[in-house]
Every structure is written in C-alpha cells, then in structure tokens.
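Each value in this text was obtained by applying a stated rule to the coordinates, not by laboratory testing. Quantities reported herein were computed from a predicted structural model and do not represent experimental measurements. For neighbour counting, all protein chains shown are included, and Cβ atoms are generated from backbone atoms with ideal geometry for every residue, glycine included.
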Amino acid sequence: MDNLIRLKEVDSTNSYLRAHCSELPDGCAVTAELQTAGRGRRGHNWAADCGMLPLSILLKDPPECETLTARAGLSVCAAIEKMYADPPKIAIKWPNDIIIENRKVCGILCESVCFGDSLNVICGIGVNISQSEDFFRAENLPNAASLLTLTGAAPDRGELFAGIVSEVRARAAVPFSECFEEYRSRLLNLGNKVKIIGSEGERIAIAEDIAPNGFLICRDENGVFEVGSGEVSVRGINGYL
Ligand code: BTN
C-alpha cells in the first residue's frame, strides 16, 4: 500500500487529514482534482482551480517539527526539477514560497495536530500547475504564476504528487542539518532589506542568515533577532520579493 489517497473533490486536503488523522498511518498523503476551500498561511484563502495541485502529507511525531516547512520547500523544488529535462531555476522565498522567475508557483502550510500524547504535523502543499495568467489576474494574485506559463509545459499531476510525497517522506527522516546548506543556497531573500509582517505589525530589517532551526536571523537598529515561520510573513520593502 503506497498510502496515497486520490479524491475527486475536497474542501481542504489539510482539513481532510486533520479529520482522519487517527486512522491514517505516518506518511499517508492525500490529493484531489479540485480543492474548494483551501487555506493559506496567516488565515488567507487559497484559490480553488483545477489547474492547482493540492496535497497534504501526515507526519506523525516528526523530529525537529519547526524545520518541516523548510524541508517541505526543498522537497517541492527537487520534485519539480525531476519533472523537466531542462529544469527551471527554482528558489525559495523564506520560509517556503517556491519561486520561479520571481513568481510564486507553490505555497506550503504546515499545521500541527495534537492527538493524545503525540504531536502530528500536516504538511499542506499547493502547486500552481496549469492555471492561466487570466486566472491569477482575476484572483488579484499578480505575484503568482503556474508551471505551465513559466516553463511552457505542465508536469503530470499524478507523477508530481507521488514525487513530492516521496521527497517529503525522505527529507522528514533525516536531520535538518543535512539539508541546511541546500536550504540556505535556495533562499533568495538573504542579504535583502525585508518587511516582516506579523500579528503585532510590521518591522523593517536586513535578513542576514538562517539559524540551525530554520528561523530567519534579522538585524535592525535595535540589534539581531530571529523570527519563526509560524509567526510572520516576509516581503521585500517595495513589494513581494
Ligand atoms: C500559502 O499561504 O502560501 C500556503 C498555501 C498552502 C495551500 C495548500 S493547498 C493544499 C493544502 N490544503 C490547504 O487547505 N492548504 C494547503
């Protein structure tokens, strides 16, 4: 059993795994042809369209939980690259927006679920496979684009689903220290002036580096501080990047 669940339609693949968490095994993953009520980070909606590949993976009691979002980002990059003979250059905007040619092709939402004594993580991934530029314009998402419009070819949904799941399962099993340099080398906001947007407002700082736990190390006029991916969104001071 490969523990890959394929649905026709679902409200949210993250919500599906949350509802079925107790009866599903570690590493189990779900996708759907259409996700109607997807959720993004920090309470945003995630637009529904058949051109988007939604998937979620259940990780039971994973070590170094706080680094899963980074490891999932690397997994998506690797899986997309394997779909192309001549892969596009793929970068990560900290913590986990997957970027090609300055446009977002994938977002990641990791959520934790306590079940008895265990802490499980649901790693939700939405890949823009084949939406048109008109779709993103109509949804007022100027920073997003699909693999189809950026590369000229849409990867097979089933293959990309299986590929991402296999990469996430593999990376979830190794210490983050083994992925650390790869993650750092993919990050496109290190050294940049960024706007950190959190529940308590905005703060401008220089994104200097990442910490061993995946936190972003920043510096402003008051000194050095670290931010975790669960708390904030990070943008360039004049726009998305
Ligand atoms: C972001 O805001 O960038 C994160 C978006 C995450 C969307 C994916 S789609 C599959 C999974 N199910 C959800 O409801 N959300 C995630």
Place a +1 charge on the Cβ of each Lys and Arg in the chain and a -1 charge on the Cβ of each Asp and Glu, then give the dipole magnitude about the Cα centre in debye, rounded to the nearest 20. 380 debye
HN-Hα J couplings of segment 6-22 from phi, Karplus 6.51/-1.76/1.60, θ = phi - 60°, integer Hz, Gly and Pro as x? 10, 10, 6, 8, 8, 5, 8, 5, 5, 5, 4, 5, 4, 5, 10, 3, 5
Would you mind getting the Kirkwood hydrodynamic radius of the chain from its Cα pairs, rounded to one decimal in Å? 18.1 Å
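Roughly what % antiparallel, to the nearest 5, for the DSSP beta bridges in the chain?
Given both bridge residues lie in the chain, the antiparallel proportion sits at roughly 85 percent.
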Over the alpha-carbon set of segment 1-108, divide Rg by the Kirkwood Rh and report the Rg/Rh ratio to two decimals. 0.96
Just how many % of Cα pairs in segment 117-178 lie over 18 Å apart, if you round to the nearest whole percent? 54 percent
Is segment 1-53 rounded, prolate or oblate when judged by the Cα gyration tensor, a ≥ b ≥ c being the square roots of its eigenvalues, rounded requiring a/c under 1.5 and prolate requiring a/b larger than b/c? oblate
Please report, to two decimal places, log10 I(q)/I(0) for segment 89-151 at q = 0.12, 0.21 Å⁻¹ as given by the Debye formula with identical point scatterers on the Cα atoms and no solvent. -0.38, -0.81
Dipole axis of segment 24-75 (+1 Lys, Arg; -1 Asp, Glu on Cβ), positive-most option in Gly43, Pro25, Leu55: Gly43
Which whole-Hz couplings ³J(HN,Hα) result when phi for each residue of segment 210-226 is put into the Karplus expression 6.51 cos²θ - 1.76 cosθ + 1.60, θ = phi - 60°, listed in order with x for Gly and Pro? 10, 8, x, 9, x, 5, 8, 8, 10, 9, 10, 5, 8, x, 9, 8, 10
Quick one: Kirkwood hydrodynamic radius for segment 111-224, alpha-carbon pairs, angstrom, one decimal? 17.8 Å
Point-charge dipole on Cβ atoms (K/R +1, D/E -1) for segment 1-109, about Cα centre, debye to 20: 320 debye
What distance in nm separates the simple spin-label points at Arg169 and Glu200, each placed 7 Å from Cα in the Cβ direction? 4.2 nm
Per the rule of 0.36 nm per residue minus the C-alpha distance, extending Ala48 to Glu181 adds in nm 44.5 nm
What distance in nm separates the simple spin-label points at Lys193 and Asp26, each placed 7 Å from Cα in the Cβ direction? 4.7 nm
Applied in sequence order to segment 23-29, the curve 6.51 cos²θ - 1.76 cosθ + 1.60 (Karplus, θ = phi - 60°) yields integer Hz couplings, x standing for Gly and Pro, of 9, 9, x, 4, x, 5, 9
Given H placed 1.01 Å from N in the peptide plane, which residues other than close sequence neighbours of Val113 have an amide H under 5 Å from its amide H? Asn120, Val121, Ile122
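Considering lysine pairs in the chain that are 8 or more places apart or on different chains, how many have Cα atoms under 14 Å apart?
4
What is segment 42-89 by shape, rounded, prolate or oblate, if you read a ≥ b ≥ c off the alpha carbon gyration tensor as root eigenvalues and call it rounded for a/c under 1.5, prolate for a/b larger than b/c, and oblate otherwise?
oblate
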Cα centroid distance between segment 68-84 and segment 177-231, in Å? 20 Å
